[in-house]
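Asker: Here it is, the structure in full.
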Amino acid sequence: MELKRIKQLIREDKLVKFYQCKEWRKLRLKILKRDNYECQTCKRNGKVGKAENVHHIKEVKKYPELALVEDNLECICIPCHNEEHDRLKEIHKPKFMNEERW
Ligand SMILES: [Zn+2]
Ligand SMILES: [Zn+2]
């Protein structure tokens, strides 16, 4: 999939189409095999988790050029994946302006 197309999908909020494309499906299988289906986040925490997802270390939305770069991908289990994205959301959440309360 071309970068132009990925950027277009981001603009249209249709990234799901990226995840459905043959190229991604092939690549994600390759990454799962590369990491032996082990969750890399669990691994870093000294645990073992069975990975079922492949996670973009740098978000596709912000770094579409890294969408299909193997170094930007790692295997992750579903609970870690949810946590990872919650954490990202937290960072991007606009900070409440405390000053206005006083
Ligand atoms: Zn995990
Ligand atoms: Zn992810």
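Asker: Counting just the Cα atoms, what span does the chain cover along each of its three principal axes? Round to the nearest Å and put the largest first.
Answerer: 55, 39, 18
Asker: Counting Lys and Arg as +1 and Asp and Glu as -1, what is the net charge of the other residues whose Cβ lies under 14 Å from the Cβ of GLU38? Let's see the in-between values first.
Answerer: Values: positive: LYS33, ARG34, LYS43, ARG44, LYS47, LYS50; negative: ASP35, GLU52, GLU74.
Its environment carries a net charge of +3.
Asker: Report, by chain and number, residues whose modeled amide H sits under 5 Å from the one on GLU38, excluding near sequence neighbours (fewer than 5 apart, same chain).
Answerer: ALA51
Asker: Sticking with this structure for a sec: Which aspartates and glutamates, if any, have their Cα less than 15 Å from the Cα of LYS47, not counting same-chain residues under 8 positions apart?
Answerer: ASP35, GLU38
Asker: Further, regarding this structure: How much area per residue is accessible in the chain when the probe is 1.4 Å and only protein heavy atoms are counted (Å²)?
Answerer: On the way: 7690 Å² over 102 residues.
Using a 1.4 Å probe on heavy atoms only, each residue of the chain averages 75 Å².
Asker: Which entries of LYS17/LYS50; LYS61/LYS89; LYS7/LYS62; LYS62/LYS89; LYS7/LYS58 show an alpha-carbon separation above 18 angstrom in the structure shown?
Answerer: The answer is LYS17/LYS50.
Asker: Can I ask one more? Compute, for the chain, the length of the dipole vector about the Cα centre, with Cβ point charges of +1 (Lys, Arg) and -1 (Asp, Glu) only. Units Debye, rounded to 20. Mind dumping the intermediate values first?
Answerer: Working: 25 positive and 18 negative charges, 72 e Å.
That gives the chain a dipole magnitude of about 340 debye.
Asker: While we're on this one: Could you tell me which of VAL16, ASN45, LEU73 has its Cα farthest along the dipole of the chain towards the positive end, charges placed at Cβ (Lys, Arg +1; Asp, Glu -1), taken about the Cα centre?
Answerer: About the Cα centre, the residue reaching furthest to the positive side is VAL16.
The values are calculated or read from the model by the stated rules, or taken from the named source; none is laboratory data. This one's a predicted model, so the numbers in the text were calculated from it and none came from an experiment. Methodologically, a virtual Cβ is constructed for each residue, glycine included, from the backbone with ideal geometry; neighbour enumeration extends over all protein chains shown. Calculation scope for accessible area: heavy atoms of the full protein, side chains included, ligands and nucleic acids excluded. Shrake-Rupley method; radii C 1.70, N 1.55, O 1.52, S 1.80 Å.
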